[in-house]
Each structure stands twice: as structure tokens, then as C-alpha cells.
Amino acid sequence: MITRRLRRLMAAALVVTVGSPIVVRAQGGPPRSSDRAAVPRMNAQQREALEKRFQQRIDAIVKERLRLTDEQQVKLREVASRAEESRRVLHREESVLRMALRREMKAGDKANEAKVGELLDQMPGLERRKLDLLESEQRELAKFLSPTQRAHYFGLQDELRRGMQDVQRGRMGMHDSTVAPADNRSFRRRGPPPPL
């Protein structure tokens, strides 16, 4: 279950990730449209400060949950930062690929079959690269984390990812987490967890 503290942090993180103001209410629920309208858009300095505070709080939660030493925490941040940069690259490539496929599919009977086939052929390679990245990250983490710490780490990543999705769905008025929007259900992406 997502803790209230994590839910508030993830709601604040949406300011950083989607670039729009968020009001985090005491119960940690999604902001109302009137709340958003009342908050001025952040400038680059405010955004950077919020991102830094968010990362510091997440780091503290990770250190506490995994019982990390200071040295382990530094190493974990280094590995997580490298892995996240690689995930961003893969995410951008996947987004471009899925958008191109979606455009072709919207054409219906006029879709370019050769193009659709080419796009579909690229999917397995992208998935293999994701698995390669995960395996590489695991090997790096195994150098300084115990198996139990690694299990806790990936469990926490999954918890944060699900929490972010819940907050985003709440922000969009999608309260049923089991139902995706009709337009996106076929091409819904399982996103990588946020960096820790």
C-alpha cells in the first residue's frame, strides 16, 4: 500500500514531470482544477528547487527502507542516475515508435502495411534492450547491495511507479486504476520506475 507520505511526494513530483502546478492537499489527493488555476506557473529556478527537494526526500526514504550506509547510498545514486539516463533514451525511442504505429493504425484500411510491419519488427529489439539494461543494473547493484536490499529497492521502485500512476490517474479523473482510456488501451506502455 502507498503511504500518505509517498503519495504527497509523488503528487509534488508531477509538478516536475508534467510541468504544471500541483497543490498537494493534506490528505494527499489530486488537486482540483480551481486549485491549479490559483497557483502560478513555476519558473526554472523554482522547478529545479522542487526537483532537488523531491529527490532528497526520496533518497531519505530509500536509505531508511534499505538500511543503507552513506557509501552504499552514494553508489546507489550513481547507478540509478546512469540507468535512468539510459531508460530516458529507450523511452524516447519507444514513444516515437508507438506514435508512428498509432498514426498508421488510425489510417485504417489505408495503413501502410510495410511500414506497420517494420515498426512491429522493431518492438522486440526495444524490449531486449530494456532487459539488457535491467540485467546490467542488477549486476552493478550486486557489487554493493545484498540480495535482500536489491529486492527491497526494486519493490520500492514498483511502489513509487504505481503511486505515480495513481496520482496521475486521479489528476485526470480516472479513479478506476484497472481501466485505461479507450484510445490508449492497445498501446499502453509499462513505464520504467522513477529514479531513486
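The values are calculated or read from the model by the stated rules, or taken from the named source; none is laboratory data. Just so it is clear, the model here is predicted, and its values are computed rather than measured. Here Cβ is always computed from backbone atoms with ideal geometry, including for glycine, and neighbour counts include all displayed protein chains. For accessibility, only protein heavy atoms count, side chains too; no ligands or nucleic acids. Shrake-Rupley method; radii C 1.70, N 1.55, O 1.52, S 1.80 Å.
The table below gives the values:
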item	result
Reachable lysines from K63, criterion Cα separation under 21 angstrom, eight or more residues apart if same chain	K52, K75, K143
Around K63: net Lys/Arg minus Asp/Glu count, Cβ-Cβ under 14 Å	+1
Estimated translational D of the stretch 70-119 in µm²/s (Stokes, Kirkwood radius over Cα pairs; 25 °C; 0.890 mPa s)	185
Mean Cβ count within 10 Å, highest first, over the residues of peptides 99-109, 132-142	132-142, 99-109
Cα-based shape type of the stretch 75-178, given that a ≥ b ≥ c are square roots of the gyration tensor eigenvalues and the cut on a/c is 1.5	oblate
Q46 paired with Q165, simple spin-label distance in nm, labels 7 Å along Cα-to-beta-carbon	3.1
Inter-label distance for R82 and N112, nm, one decimal - labels placed 7 Å from Cα along Cα-to-Cβ	3.8
Reduced Cα scattering model of the stretch 115-159, Debye log10 I(q)/I(0), q = 0.25, 0.29, 0.32, 0.34 Å⁻¹	-0.87, -0.99, -1.05, -1.08
Accessible surface, per residue, of the stretch 99-150 when the full set of protein chains is kept, probe 1.4 Å, Å²	71
Portion, in percent, of the accessible area of the stretch 58-115 that falls on carbon or sulfur, probe 1.4 Å	51
Sum of side-chain charges, V116 neighbourhood, beta-carbon under 15 Å (Lys, Arg +1; Asp, Glu -1)	+1
